[in-house]
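Enquirer: I am attaching a structure below and will ask some questions about it afterwards.
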Amino acid sequence: MDPVGDRKAAARLERPHGQHEFGVPSSLSVISPLVAALDLVWIVILSVATGIIYDATAVAGYSSAENNLGSGMAVGILYSAIAHVSKLYQASNLLRGRWQVGRSALTWLAVFASLAALVFLLKSGSTFSRGWVLLFFASGLVVSSVLRVIVAELCSYIIRSKLIRPNRIVLVGLEEELIGNATLSKLELYGYSVCKIVSLPMGPGQLLDPAILKERMRELVRYVRQTGVDEVVIAMPWAFLDAVGQVESELRVLPIPIKLVSDQRTARLLDRPLFDFGPTKALQLQRAPLSAMQRTMKRSMDQLLAASGLIVLLPMFAIISIAIRLESPGRSLFLQQRAGFNGKPFKIYKFRTMNTRDDGPVIVQAKRNDHRITRLGALLRKLSIDEIPQLINVLRGEMSLVGPRPHALAHDSEYDQLIATYAMRHKIKPGITGWAQVNGLRGETPEIGMMKKRVESDLWYIESWSIWLDLRILVLTVFRVLKTDNVY
């Protein structure tokens, strides 16, 4: 067995010893303080510039730069502090352009929310011009987002062009981990240079020969001391902790970091957030679909729009109710058991469109030319007007304006047996409209494949929720209502 490990893998990753590299700090982390300093500078400059522009256009005069200099420094310092806490300047995060834009926008919002609260408590609102504050806030969002994209691209270019000396590392571990661990092949994208790979002989659960291990580690120690390697990274299955301890023990003589990367089995778990859990730590394997803040935002929008809708549509409610009772005997509203959030049953409100009120263990879906549907009911169903009373369910907190459409309990029981992920639709409140409905997945589902597509759309919505997605779905619903395909 080759004493320096897997030669083929090493040939792919090793660099020529004579290759020239710039003698600047050997890590992408050197850029982090520069980015933090840049943020402070542009915030102060923008504060002064927006103050001058606002005064010149709105007040017809020019203000002194000192008027906004102090405010800009306060905003810049607070932004920098929150950005450090949110890991905006962490070296590896500098390469994540879209993440940087989103996190920077949240940081900017947090800064102005904090300052607004402070100004309110100190009763010093008259000190600041509202026009200037709005201009500063809006332009700051744009500048911050643009700079995040530029920084990410610049960092990627610096790494590709070798303008900074990458961290020189040695990989030590089992051949199956060195070759099969996909993350190791991406190290060079994050400012690392793999200069040697040392493959270790392993048996089931232990090293085959401790003498071979000791000899290879001695050779590695000599190599590190001769070449100035920055780090040694161990890549072994975490099931072989005894073997990991032996390698660590042999390398303790080196004054450099020794790191253990996740193996192919644990990598997925280590991507999960880590939390303090009493006296220990815990990985979050599944989070709630919406955070407390997101639930509050969604609930507030539901309450506001549902209440407004009911007030505006109250005359139409009365007219439709009278028309339904004139056409056929019985109540104008139809109540049926549906499964809501977390599978909890509730009574859903609808305008009655049929001459039957099925709500038992067997419910037949409406079909084309269904004899149970009244003439007025057919019109109400085509225009989805029969769903409008569900605004009452929204006000009661049983439903949301947007979410997976609730099905009858009989259908829930049926599809839960046929589709493994069906019950996951109940992780958020059901909605009057949803992502599946605006994409044409509505009406009768005579084939199981049609219901599977609807469930897939619902689960995508749950994973991708945002307040903007809800607003988009509400707007699309207005246009989709005019298309009566599959609705009868």
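Any read-out appearing in this document is the output of simple, stated calculations on the displayed coordinates, not a laboratory observation. Nothing here was measured: the structure is a model prediction, and the numbers come from that model. Methodologically, a virtual Cβ is constructed for each residue, glycine included, from the backbone with ideal geometry; neighbour enumeration extends over all protein chains shown.
Enquirer: May I ask which residue of W42, G131, A91 lies farthest towards the positive end of the charge dipole of segment 28-161, with charges of +1 (Lys, Arg) and -1 (Asp, Glu) on Cβ and the Cα centre as origin?
Expert: It is A91.
Enquirer: A further question follows. Search the structure for amide H atoms under 5 Å from the amide H of Q264, placed 1.01 Å from N in the peptide plane, and list their residues when 5 or more places away or on another chain.
Expert: Under 5 Å from the amide H of Q264: no residue qualifies.
Enquirer: If you don't mind, another one. Multiply the residue separation of T296 and T183 by 0.36 nm, subtract the distance between their alpha-carbon atoms, and state the gained length in nm to one decimal.
Expert: Length gained, T296 through T183: 36.9 nm.
Enquirer: Turning to a different aspect of this structure: Quick one: net charge around V101, please, counting Lys, Arg +1 and Asp, Glu -1 for every other residue with C-beta under 13 Å from its C-beta. Kindly include the intermediate steps, with their values, before the conclusion.
Expert: On the way: positive: R96, R98, R103, R148; negative: E153.
It works out to a net charge of +3.
Enquirer: Using the count of nearby Cβ atoms within 10 Å as a rough guide to exposure, how do D386, D55, D242, D458 rank from fewest to most?
Expert: Least crowded to most crowded, the residues run D242, D55, D386, D458.
Enquirer: As an exercise, use a Förster radius of 25 Å and the Cβ-Cβ distance of A288 and W238 to find the FRET efficiency, rounded to the nearest 0.05.
Expert: 0.30
Enquirer: Determine, from the Cβ-Cβ distance of R252 and D416 and an R0 of 45 Å, the FRET efficiency 1/(1 + (r/R0)^6), rounded to the nearest 0.05.
Expert: Efficiency for this residue pair is about 0.20.
Enquirer: Something else now. State, to one decimal in nm, how far the label point of L106 lies from the label point of W468, with both points 7 Å from Cα in the Cβ direction.
Expert: Modelled inter-label distance: 1.5 nm.
Enquirer: What residues of segment 397-434 lie in the reach of a label at I448, counting those whose backbone N is under 13 Å from a point 7 Å from the Cα along Cα→Cβ?
Expert: Output list for this probe position: 414-422.
Enquirer: Continuing with this model, one more query. Cβ under 13 Å from L290's Cβ, L290 left aside: what net charge do those residues give with Lys, Arg +1 and Asp, Glu -1?
Expert: Values: positive: R287, R295, K298, R299, K427, K429; negative: D302, E463, D470.
Net charge around L290: +3.
Enquirer: Past 20 Å, Cα to Cα: identify those pairs from K196/K259; K186/K214; K298/K429; K350/K382; K344/K427; K87/K196, in the order given.
Expert: K186/K214; K87/K196
Enquirer: Working out 0.36 nm times the residue gap between I53 and R265, then minus their Cα-Cα distance, what length gain in nm do you get to one decimal?
Expert: 70.6 nm
Enquirer: Kindly put I385, I324, I432, I77 in sequence by how many other C-beta atoms sit within 10 Å of each C-beta, fewest to most.
Expert: If I rank by nearby Cβ atoms, fewest first, I get I77, I385, I324, I432.
Enquirer: From Cα pairs below 8 angstrom and at least 6 apart in sequence, can you work out the relative contact order of segment 385-464, rounded to a whole percent?
Expert: It comes to 34 percent, rounded to a whole number.
Enquirer: Tell me, in nm to one decimal, what length is gained between L38 and R218 on full extension, where the rule is 0.36 nm per residue of separation less the Cα-Cα distance?
Expert: Here the segment from L38 to R218 would lengthen by 60.3 nm.
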